[in-house]
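As structure tokens, the structure follows; a few thoughts come after it.
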Amino acid sequence: MEGGAMRGLFSAGVLDVFMEQDITFDGMIGVSAGATFGCNFITHQPGRALRYCMRYRHDPRFCSVPSLLLTGDMFGAEFCYHTIPEKLDPIDNETFVSSGIPFYLVATDVETGKAVYHLCRDVVSDDELAWMRAGASMPLASRIVHVGGRGLLDGGIADSVPLKYFEYKGYARNVVVLTQPKGYQKQPNSMMPAVRRVYRKYPALIAAMGRRHLMYNRQIQYVEEAEQRGDVFLIRPAQTLPVEHVSHSGAKLQAVYDAGREAAQQALPQIRAFLEK
């Protein structure tokens, strides 16, 4: 599951249809929002991701410039990774733990600029919530998260679409959910001057961010080649989603989620055939 901040609601829509249709998997991996929203599949809580995004979209503690200025995190760390999952819209940790489905997330080590892959034990302990936050901590919009003896940021910096890693783990046939349409090519990061200034102590991270567009475009080509071989079933939006990263518009968030549901529903016969091979 690719990331993309609020574009991740596309993936949430896809996964909710899978839950409703009793489609399951023997392993999952998510990047950034692909993990924070994707874990609701393991807890079997359809609708949860959209529900809390819609309910708290105007709450400055959830996602706002004031939160960024006051705390260093556009997506409030305490509110998003403790208050919501622990109190306001509790996540079902018992179901997560008992599912037996390995769930991995990706983060980027700021010292090495390389991807770190973490197998989540649960979704409520302080360490695991810190890993979840680290993997979704967008550069320039988040603080570096220190967990597991590392300083970490968003996993998409180093491995945006971790198909090769899952193949390495032994998953030979995979469903890949992207949040950009066919033909999308990532361009060089226009914020590199700010990146070089803010992260001047981390040259490997700067280098990784500078070449991210090249890495991403190669990964998309690799996914498409795997799809042609029949090793991957690829789901992605039919057109560019109405949200780039962040939006407080309920109509746009709903439209992104609905696009995911529609893509999954249209592909259901082919997905079942792919999974039954």
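The values are calculated or read from the model by the stated rules, or taken from the named source; none is laboratory data. Because the structure is predicted, anything quoted here is derived from the model rather than measured. Heads up, the Cβs are rebuilt from the backbone with ideal geometry, glycines too, and the neighbour counts pull from every protein chain shown. SASA here: full protein model, heavy atoms, side chains in, ligands and nucleic acids out. Shrake-Rupley method; radii C 1.70, N 1.55, O 1.52, S 1.80 Å.
Scanning segment 4-23 for residues that are assigned to a loop (DSSP other than H, G, I, E, B) and either touching a Ser or Thr at 6+ places or on another chain (Cβ under 8 Å) or at pLDDT below 95 (or both) turns up just one, G4. Determine if segment 189-207 includes at least one residue that is within 22 Å of V176 (Cβ to Cβ) and not in a loop (DSSP other than H, G, I, E, B). There is no residue in segment 189-207 that is within 22 Å of V176 (Cβ to Cβ) and not in a loop (DSSP other than H, G, I, E, B). Return yes when Q187 is at pLDDT 95 or above, out of contact with any Pro (no Cβ under 7 Å at 6 or more places or on another chain) and surrounded by fewer than 19 Cβ atoms within 10 Å (Cβ to Cβ) and no when it is not. The answer is yes for Q187.
Say we look at segment 107-123 and pick out the residues that are closer than 12 Å to P162 by Cβ and of a type in the set (A, V, I, L, M, F, W, C); which of these is nearest to the chain's Cα centre (by Cα)? The qualifying residue nearest to the chain's Cα centre (by Cα) is A107.
Within segment 218-250, track down each residue that is in a helix (DSSP H, G or I) and either open to solvent by 80 Å² or more (accessible area, probe 1.4 Å) or touching a Cys at 6+ places or on another chain (Cβ under 8 Å) (or both). Of everything in segment 218-250, those that are in a helix (DSSP H, G or I) and either open to solvent by 80 Å² or more (accessible area, probe 1.4 Å) or touching a Cys at 6+ places or on another chain (Cβ under 8 Å) (or both) turn out to be R218, Q221, E225, Q228, R229. Of all residues in segment 105-122, those that are in contact (Cβ under 8 Å) with a residue 60 or more places away in the chain and surrounded by fewer than 17 Cβ atoms within 10 Å (Cβ to Cβ) have Cβ atoms under 7 Å from Cβ atoms of residues that are among the aromatic types (F, W, Y) and part of a loop (DSSP other than H, G, I, E, B), 6 or more apart or on another chain, in E111/Y202.
Just so you know, in segment 148-172 the residues that are in a loop (DSSP other than H, G, I, E, B) and without any contact (Cβ under 8 Å) to a residue 60 or more places away in the chain include one that is least open to solvent (accessible area, probe 1.4 Å), and it is A158. So which residues in segment 65-104 are on the phi > 0 side of the Ramachandran plot and either part of a strand (DSSP E or B) or open to solvent by less than 40 Å² (accessible area, probe 1.4 Å) (or both), if there are any at all? Answer for segment 65-104, where residues must be on the phi > 0 side of the Ramachandran plot and either part of a strand (DSSP E or B) or open to solvent by less than 40 Å² (accessible area, probe 1.4 Å) (or both): just G72.
Looking only at residues in segment 29-53 that are of a type in the set (S, T, Y) and surrounded by 24 or more Cβ atoms within 10 Å (Cβ to Cβ), the one that is farthest from the chain's Cα centre (by Cα) is T36.
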